[in-house]
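The values are calculated or read from the model by the stated rules, or taken from the named source; none is laboratory data. If you're wondering where the values come from, they're calculated on a predicted model, not measured in any experiment. Using ideal geometry, Cβ is built from the backbone for each residue, glycine included, and neighbour counts are taken over all protein chains shown. To get the accessible areas, we keep the full protein, side chains included, count just its heavy atoms, and leave off ligands, DNA and RNA. Shrake-Rupley method; radii C 1.70, N 1.55, O 1.52, S 1.80 Å.
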Amino acid sequence: MSRLWPEPLSVGLFESHGWLARGKQVIALPAPSSSPSAAQSAVPDLTALAKVLDEQIANGGLRKGRVSVLVGDATARIITLPWQPDLTKPAEWQTYAQARFDAAGIALDGYLMHAEFTAPDRLGLAYALPATWLAQLNELITAKGLKLWEVLPVSAAAYYRHRTVRQSKQTVVLLEQADRLCALVVDRRGLVKREAEPVTGNAEQAHRRLLTRLAATSPEITHVQYWSHKPAEQTKLPEAIQATLGEVTASVLTHTVWS
C-alpha cells in the first residue's frame, strides 16, 4: 500500500471485548476497568480505543487512516423492511423505515437512522444509532488525525457485506453477541429473514432455541456462517448447529470479515 493512501482501520467496540485491526494485525482493546451501568452498557465506552490509538500513533503513525467501526446490535435499533417496488430513492426508504419503526413502537428520538435495500424482492434493513455517542466517536477519531468512515451494528454489517455461498440454497449468518443471538437467513438474491434470541444464561441453549425455530421454518438451509464477538481463541462452532440443522456445512467468520 502506498504511504500516500489512507490506511484502512477496523475497530470493534463491544461490552466485554474490542479490537483495532491494521491489516492482518489485530490489537485487543483493554477491558473496561469497571462494569458499566445498565443505562451505559449498550453504548460502547471509548476510553480503551483512545488509549490504543494514542499508542499506535506514538509507535509510527496511522497515515491519516480511514476508520470503520463495528458495534453490537444492542447499541442500535434495527428493523427489517419488506420489499416495496414503488420506493426507489433513499429518501423514500428513510420515510418508509421511520413508519416501520413507529408501527413497531420503537422511538428514535436522539438517534440517527439509515435505511437501505441491497437487492430487489428481498428484505431491506434499517438501523439507528445514538446521535450523541456518534458525535463523541467522530470527535475522538478526528482528534487523532483520522477519518470516521462508517459505523455499523453487526447485523447491518452482515447484511450489507454478506456474500452468498453459491453451492448453498440458503445460508444462515449466525451472529453471537453477549446479550443476544441473531440469525440472518439469506439466499443467492438477498435477505429472506432475520431472527433474534436473547441470551439470558447458557448461550448453547439459546443457540438451540433459535436454530430449532429456523430448522422448522427454513428447510432449505444448507450452510451456516458463524460470527462471535468473543476473542478468536475462545471462538468455536456451537454444537447446536449440527444438533438442530443436521447435515449442513459450517464455517467460522473472523472479526474483521466485513471490514
Of everything in the range 115-140 that's under 17 Å from Val151 (Cα atoms) and free of Cβ contacts under 8 Å to residues at least 40 places away in the same chain, which residue is surrounded by the most Cβ atoms within 10 Å (Cβ to Cβ)? Ala115
Could you check the range 54-87 and list, in sequence order, the residues that are open to solvent by less than 30 Å² (accessible area, probe 1.4 Å), in a helix (DSSP H, G or I) and either farther than 17 Å from Glu150 by Cβ or hydroxyl-bearing (Ser, Thr, Tyr) (or both)? Gln56, Thr75
I need a count of the residues in the range 166-192 that are in a strand (DSSP E or B), over 16 Å from Asp73 (Cα atoms) and either at pLDDT 95 or above or not polar (S, T, N, Q) (or both). 7
All but one of (1) of a type in the set (A, V, I, L, M, F, W, C); (2) in contact with a Ser or Thr (Cβ under 8 Å, 6 or more places away or on another chain); (3) within 20 Å of Ala178 (Cα to Cα) hold for Ile221; state the number of the condition that does not hold. (3)
Which numbered condition in (1) in contact with a helix residue (DSSP H, G or I) (Cβ under 9 Å, 6 or more places away or on another chain); (2) open to solvent by less than 40 Å² (accessible area, probe 1.4 Å) is the only one that Leu112 fails? (2)
Checking Cys182 against (1) more than 23 Å from His17 (Cα to Cα); (2) touching a Ser or Thr at 6+ places or on another chain (Cβ under 6 Å); (3) in contact (Cβ under 8 Å) with a residue 40 or more places away in the chain; (4) of a type outside the set (Asp, Glu), the condition it does not meet: (1)
Assuming Ala42 fulfils every condition listed in (1) farther than 18 Å from Ala156 by Cβ; (2) modelled with pLDDT under 90 apart from one, which condition is it? (1)
Do we find a residue being more than 24 Å from Ala250 (Cβ to Cβ), touching a strand residue (DSSP E or B) at 6+ places or on another chain (Cβ under 9 Å) and basic (Lys, Arg) anywhere in the range 164-171? no
Which ones in the range 222-259 are outside any strand (DSSP E or B) and among the aromatic types (Phe, Trp, Tyr)? Trp258
Is there a residue in the range 88-105 that is under 21 Å from His162 (Cα atoms), at pLDDT 95 or above, under 16 Å from the mean Cα position of the chain (by Cα) and open to solvent by less than 60 Å² (accessible area, probe 1.4 Å)? no
Here the residues within the range 227-259 that are surrounded by fewer than 15 Cβ atoms within 10 Å (Cβ to Cβ) and not hydrophobic (A, V, I, L, M, F, W, C) are Pro231, Glu233, Gln234, Lys236, Glu239, Gln242, Gly246, Glu247, Thr249, Ser251, Thr254
